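The values are calculated or read from the model by the stated rules, or taken from the named source; none is laboratory data. Small disclaimer: the values here were computed from a predicted structure and weren't measured. Don't worry about glycine lacking a Cβ; one is built from the backbone with ideal geometry, like all the others, and counts go over all protein chains shown.
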Amino acid sequence: MTYGSGNYRYEVVEGWGQIPQLGLASGVACDSQDRVYVFNRQPQPAMLVFERGGTFLTSWGADIFKKPHGIWISPNDEIYTTDTEDHTVRKFSLSGELLQTLGTVGQPGPPGQPFNQPTRALLSQSGDLYVSDGYGQSRVHRLTPDGEVIVSWGAPGTGPGEFNLPHDVTVDKNDRVYILDRGNLRCQIFNANGEYLTEWGDLRSPNDLFIDQDDVIHIAEGGQRITVMTLEGEIITQWGEKGTNPGQFSDSPHGIWIDSHGDIYVSEVVSEKRLQKFVRV
């Protein structure tokens, strides 16, 4: 079966990455060699690493992670993770060496300050660190790489610049900041100073957003759907249906990443062993 349409059509790879350690797969990302890193939440929090073909390589971080949430890998192969139980943003090498910890482990930041159950962290092309923050407060932070706050914005609500669970942050090549405002079923877009620009509605509980090398957006939606769209918000294709068969989504696509071949990886967190690879055809 083929999913999507036009130039964005995919076929599922049945059984990809299905190993005994795989449980609730919170997030997924690829390094520069297209190795795949799966942020496993349960039963054992850890980072699971696979070859592109699905062969399991190694795992690490079981002694560090509490409740894995977001993962992002930089072009320089630095791994950024968020942990919603211990309120941290961490940076790792590909081998799992801990390079940096931001936030106070096990302690939420003061109201409006980093971090209270952060959901995702990444670097912009200008080198600033952005964090969506998150389950504990409706906030977005732009920081220096060392963790100093440059600007912070957001409050609970439904208006422009307000959030009901900022679940993901992504920054494009023009430093436009995309925030998946999950509880409000929308994506809000800001400039680097946190000034509201526009928004896209009618999303199904959006969880994760990835911009590929052709500047095309892919959104994993909790309503069992993948949406592919331009940077201007024009929908290219949408696909997905609820179910447990290969190619279907059991409940909540939570993480999404596109490798250098244009293949899609989707992780889910409601049911165990729901990690799928879709090959672009």
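Here are the numbers for this structure:
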quantity: Single residue of the range 177-201 satisfying the filter (in contact with a Leu (Cβ under 7 Å, 6 or more places away or on another chain) and not in a strand (DSSP E or B)) that is surrounded by the most Cβ atoms within 10 Å (Cβ to Cβ); calculated: R182
quantity: Number of the exception - M1 against (1) among the hydrophobic types (A, V, I, L, M, F, W, C); (2) surrounded by fewer than 20 Cβ atoms within 10 Å (Cβ to Cβ); (3) at pLDDT 95 or above; (4) outside any strand (DSSP E or B); calculated: (3)
quantity: Residues within the range 206-215 that are in a loop (DSSP other than H, G, I, E, B) and either at negative phi or surrounded by 20 or more Cβ atoms within 10 Å (Cβ to Cβ) (or both), tallied; calculated: 3
quantity: Some residue of the range 51-58 being under 18 Å from P253 (Cα atoms), surrounded by 15 or more Cβ atoms within 10 Å (Cβ to Cβ), touching a residue at least 12 places away in the same chain (Cβ under 8 Å) and in contact with a Leu (Cβ under 9 Å, 6 or more places away or on another chain); calculated: no
quantity: Some residue of the range 144-156 being crowded, with 19+ Cβ neighbours inside 10 Å and within 27 Å of L231 (Cα to Cα); calculated: yes
quantity: Odd one out for V140, checked against (1) more than 17 Å from the chain's Cα centre (by Cα); (2) within 17 Å of P108 (Cα to Cα); calculated: (1)
quantity: In the range 17-50, residue farthest from K273 (Cα to Cα) [restricted to those that are surrounded by fewer than 17 Cβ atoms within 10 Å (Cβ to Cβ) and in contact with a Lys or Arg (Cβ under 7 Å, 6 or more places away or on another chain)]; calculated: D34
quantity: Selection count, the range 69-107, where residues are surrounded by fewer than 19 Cβ atoms within 10 Å (Cβ to Cβ), hydroxyl-bearing (S, T, Y) and not in a strand (DSSP E or B); calculated: 3
